[in-house]
Structure formats: structure tokens, C-alpha cells
Amino acid sequence: MSRALEGLTVVDLATFVAAPFCATLLGEFGAEVIKVEQPGRGDELRRLGTPVREGLSLWWLAESRNKKSITCDLRKPEGQALIRRLLAETDIAAENFRPGTLERWNLGWDELHAANRGLIMVRISAFGQTGPYRERPGFGRIAGAMSGVSYLSGYPDRPPVTPGTPTIPDYLAGALGALGALVALQHRHRSGEGQVVDVGLYEPMLRMLDEMIPAYAATGHIRERIGSGTEYVVPHNHYRASDGRWIAIACTNDRMFERLVVNAIGAPNLLAEFPSMRERLRRRDEVDAVVQGWVGSHDARGALEKLDAAEVPCGMVNGVRELFEDPQVRARENIVTFPNPLGGMLAMAGIVPKLSLTPGRVESVGPVKPGAHNEEVYCGRLGLGRDDLAALRAKGVV
């Protein structure tokens, strides 16, 4: 079956997670992705996370899937010349260096755009290409702090925490970078012109803060940490069952609250005691205590069965072990396995989103050896001879 992005060439100039994830997403739907790594050492993601051998991690194998690896020293003029030739016939390039780095390497946007008017360049950096912080370095933890999300995460009597994992901002930035690339591609279909897609690592998290920004601008209200609850609705929290498992319940309006207290809990009198969301918010602790008392009298599966029957939004708070056991995760192929080139099978997150006619797929895991596709790309695509490639290798350029 054909895939939607077949025929597109993407060059991944980036490292670690954000811009590489943008390229990975495009590769899952058919684009040819060429990953540029440092000669010898390879990409830093190869050494991050759980190692499978020296210089190779599970994270790399999973997140660099469907990519071809070439090596090139971007600091050397001969390496820069090779990449300029490669980008002259590339559709999309992705990078996440500090602003100004590519320009110092003679690979800035103006020069690349002049050679390839249709090139789309996704540039993901800690703070974006403009502004007073543009040259600062940063990772996902810094992005979470800068965006306002870390300030909201945790309990009021404790320090702010990084929600989930520190890499969530990286993945979100990569996803929005891929969206930007596809929007720019649509523009190119009409105009023939490529453009820059500029994403600050903190910006996707800031974009997803629901009403916090307009509420502050309109009323001066500053949202503070309240633990696992939700500021503007209740009950909307995590509750512990008798077997020690946690379940999530989300009642976002009066109708859902009625289903909870009448059809699940069996206490219709609570409708008169907590008649509106305003009243429930005013007495948040009391409402949560009632729900916790009911959940705590059941094991998690029993509580979920009653909540499902009452059509109350709910779900198990899963750890990674439970993800592997969850029938919904299995049915949706949210976890897939692929042969590990070092032996056995490698489990990884599945393809999102699911397309009915041109679905994405995993065709290979991350290349085991840096530069595994040097000959294919440099000789096959750029027309270098094997002697030329050997000479470049001897100089440390590739």
C-alpha cells in the first residue's frame, strides 16, 4: 500500500529528540529520511537511556526508526559542501541547533534557500530563532519550566515538578514541527516556495494551557498548583481503590456528576448537597472525599465497571506494565514490536495518527552503525565515487 509522503526527502540534521522526532513522524508516513550523524561517535541519542551495548541505546533504536544514517562533520568545509549538495535536492530539513550555529557553518537559511527555492526547514531550538533568549541552550526540563507547565504541576506545599517525563516538550515540539512542515508543503504546492518553520521548545507546552492565559489577562487570576485535581472542575481527579490501584474520574459538567452520584455511587441526595459546579468547586475537598470514600470501598476493576455502566468518564492510572496488559492499547496497536538487529524483538510506541487509506508503518529500527548508508547516499544520490568516499573518510569528513 502506498503511503502519503512517498517521494519526499527529509534530511535530519538534528540531535537528541525534538527535531529528530519531527523527521521520524514524516518517515513513518513514507518520506525518505536521511539522518546526519557525527563521524565515528554518531548521534548523542545513541548513548542516552538504556544501553543495549556500548554506544547504542533502546531509545535510539526505537526513535530513529525508518531512517538512513550518514556521517558528516558539519564543522569542516568539505562536510558543509556535501550537505549543501544534499539539501539542494531535499524537500524538508530538520535541525535543532542553537540559533546561529548553522549560519556559522555556512548552512544558513538564506544560502540554502537560494540554492533550493522549495526547501522547507524546520528549526526547533530552546527559545526559537528570535527574542532575547534565542541564543540560550535548553532541554525539555527548561521548556517545561519556561512554559508555565512545571509551575502548575505538583502540590501547593511542595516544589513544582516536571510533568510526566522531561522529554514531553521535545516530542510536542517535534509533532508541531511536523505539522508546520506539512502546512509549508501545502503552500509550496501553490507557490513553489519553501519557508522556515520556527518552533521554540517551550512554545507547544505554552500553547496547551487551556484558559490560563486568557483568564489571567481578563481577571488577573493566577493559577496555582493543586495536586492531581483540576482547577475549574470537580470531581476531576485520581482516586485510590481498595486494592491500591488508582483510577481517574473526570466529571466536567452537571450531567456527568449526576450520572456519578445517582447511577454509580447510588446517592441521589448528593445532587441537592452539591447542586452546581460553583458549589462543588467551593467545597472541592468535600466532593473529592465523597468520591474517594466510594472508590476506596471497591477494587479498581469493580469501581471501573460501575462507572462504565453509568457512562462516567473514567480510566485506570496505568504504569508501563499495565500499558502492555491493557486490551485497548493492544487493540489499537499502541505498542508494536519489530525485530531487533541485535537479536529478539524491540517493543516501541506505535504509529499515531491512524490513516484509513495511507497508514504509517515501521520498516526498520534505528541504524545500528553510524554511517550505515554513506555509500548509498553519497555515491548513489550525490554521485561520488568509492575512492572519493574513502578519501573523505580518511580525512574524518564522513
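Values quoted throughout were computed directly from the atomic coordinates according to the rules given, and no laboratory measurement underlies them. The model shown is predicted, which means the values in this text are computed figures rather than measured ones. Glycine also receives a Cβ, built like all others from the backbone with ideal geometry; neighbour counts cover every protein chain displayed.
Descriptive notes on the structure:
- Loop-located trypsin sites (Lys or Arg not before Pro) in region 304-398, at most 11 other Cβ atoms within 10 Å (DSSP): Lys354
- When only alpha carbons of region 100-254 are considered, Rg and Dmax amount to 20.1, 66 Å.
- On the beta carbon distance between Ala248 and Ala394, with R0 = 41 Å, the FRET formula returns roughly 0.10.
- GluC sites (Glu not before Pro) lying in DSSP loop within region 321-382, provided at most 15 other Cβ fall within 10 Å: Glu333, Glu363
- Convex hull of Cα atoms in region 236-322, direction-averaged projection (nm²): 5.2 nm²
- Peptides ranked, highest mean first, by Cβ atoms within 10 Å: ranges 262-269, 174-181, 186-193: 174-181, 262-269, 186-193
- Using alpha-carbon coordinates, inclination of helix 77-87 to the longest axis of the chain, degrees: 60 degrees
- A straight line joining the Cα centroids of region 1-48 and region 271-290 runs 50 Å.
- Label zone of Leu382 (point 7 Å out along Cα→Cβ, amide N under 14 Å): in region 1-32 this covers 11-13.
- Across region 1-156, the mean sequence separation of Cα contacts (distance under 8 Å, 6 or more residues apart), normalised by length, yields a relative contact order of 21 percent.
- Size of charge dipole - the chain - debye, nearest 20, with Cβ of Lys, Arg +1 and Asp, Glu -1, no other charges: 620 debye
- Normalised contact order of region 5-62, rounded percent, pairs of Cα under 8 Å and 6 or more residues apart: 30 percent
- Of all DSSP bridge pairs formed entirely within the chain, close to 45 percent run antiparallel.
- Neighbourhood net charge (10 Å Cβ-Cβ; Lys/Arg +1, Asp/Glu -1) for Arg123: -2
- Residue ranges 106-114, 24-32 sort as 24-32, 106-114 when ordered by packing (mean number of other C-beta atoms within 10 Å per residue, highest first).
- Highest-first arrangement of 140-149, 223-232, where packing means the average Cβ count within 10 Å: 140-149, 223-232
- Only one item in (i) 182; (ii) 165; (iii) 137 matches volume of the Cα convex hull per residue in Å³ derived from the coordinates shown, and that item is (i).
- Rg(Cα)/(2.2 N^0.38 Å) for region 1-147, N = residue count: 1.05
- Among the lysines of the chain, pairs at least eight places apart or on separate chains and with Cα atoms under 28 Å apart come to 17.
- Its Cα centre serving as origin, region 236-322 has a Cβ charge dipole (Lys and Arg +1, Asp and Glu -1) of approximately 180 debye.
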